[in-house]
Amino acid sequence: MRTILPFSIGAAAGAGALLFQREHRERTRLERLGAATLETLLDAIEANDADTGAHVRRVAAYALILGEAAELDDRTLRSIERVALFHDIGKLHEALTDIFHDVGKLSPEDRRAVMTHPLRGAQVLEPLSGFYPDLGKGVAAHHERWDGKGYPRGLKGKRIPLTARVVSIADSFDAITHRRRYSHAKSFEQATRAIAEGRGTQFDPELVDLFLSPPLLTEIDREARRANGPKSKHRNRRRGESQKAPDLTFRWRQPAGVSHLPDRHP
Ligand SMILES: [Fe+2]
């Protein structure tokens, strides 16, 4: 007796494989779109303010070193990466750009305005919340403090999203070691001392202990030298990846020593 069963199984397997391929292609396309969107946003930040562009890239690199040392899963690491790269996007707001570019001293009114940047950043990123639900929350919380004395909400301890707790340490470290309008750059040792002093007050104590552990400090130091060192080839976000990474990779690392493209309109 003839049976059609083998044919049916074969046809079903073929249709299943086709469906799988189609889904895989679609998923890859969406991931590529996501990476391109974030890369465009980062380019826009950099085009507007090269110093902020370089700052957020260094912060992302330090935050990832800390996150990896804390053995966080890949999903959380990607979330930390995004919060680090976009934590200061609120500073681009029209109401704040003059304040951030003015070299004079901050007035109390200026300070109050500056303190709005975490929430302004979260608002700017709101359209992406369906794709990256943790991004806005992390950005909004990057100036919260472990002791509850931060802003904008005065969140305390582990009520502060983990992404923001990690980024806060990386952000402070970079702010101290690089010259900004408010202060001159300080040494690596001064920066680590400031992080240690903020243990349990400004920062998550467990993360501080990890950040200040000798192997991690060596890695941070290496990264800081790389970021400030002579020009080197473009590197992707994962160490060791070649430049030929698939274009769904979110490439945000800039060549060392090159903070922005030359200005064509002097
Ligand atoms: Fe900030």
Counting only helices (runs of 4 or more DSSP H) wholly inside region 89-152, the ones holding at least 2 residues that are within 16 Å of the ligand (Cβ to nearest atom), at pLDDT 95 or above and buried (at least 17 other Cβ atoms within 10 Å of the Cβ) are 117-125, 133-140
Identify the residue in region 66-80 that is surrounded by 23 or more Cβ atoms within 10 Å (Cβ to Cβ) and more than 16 Å from the ligand (Cβ to nearest atom) and, among all such residues, is farthest from THR177 (Cα to Cα).
SER79
Would you confirm whether any residue within region 22-37 is within 12 Å of the chain's Cα centre (by Cα) and either at pLDDT below 90 or assigned to a helix (DSSP H, G or I) (or both)?
no
Specify the residue that is surrounded by the fewest Cβ atoms within 10 Å (Cβ to Cβ); the eligible residues are those in region 153-180 that are more than 14 Å from the ligand (Cβ to nearest atom) and at pLDDT below 95.
ARG179
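The values are calculated or read from the model by the stated rules, or taken from the named source; none is laboratory data. Values in this document were obtained by computation on a predicted structure and should not be read as measured data. Glycine also receives a Cβ, built like all others from the backbone with ideal geometry; neighbour counts cover every protein chain displayed.
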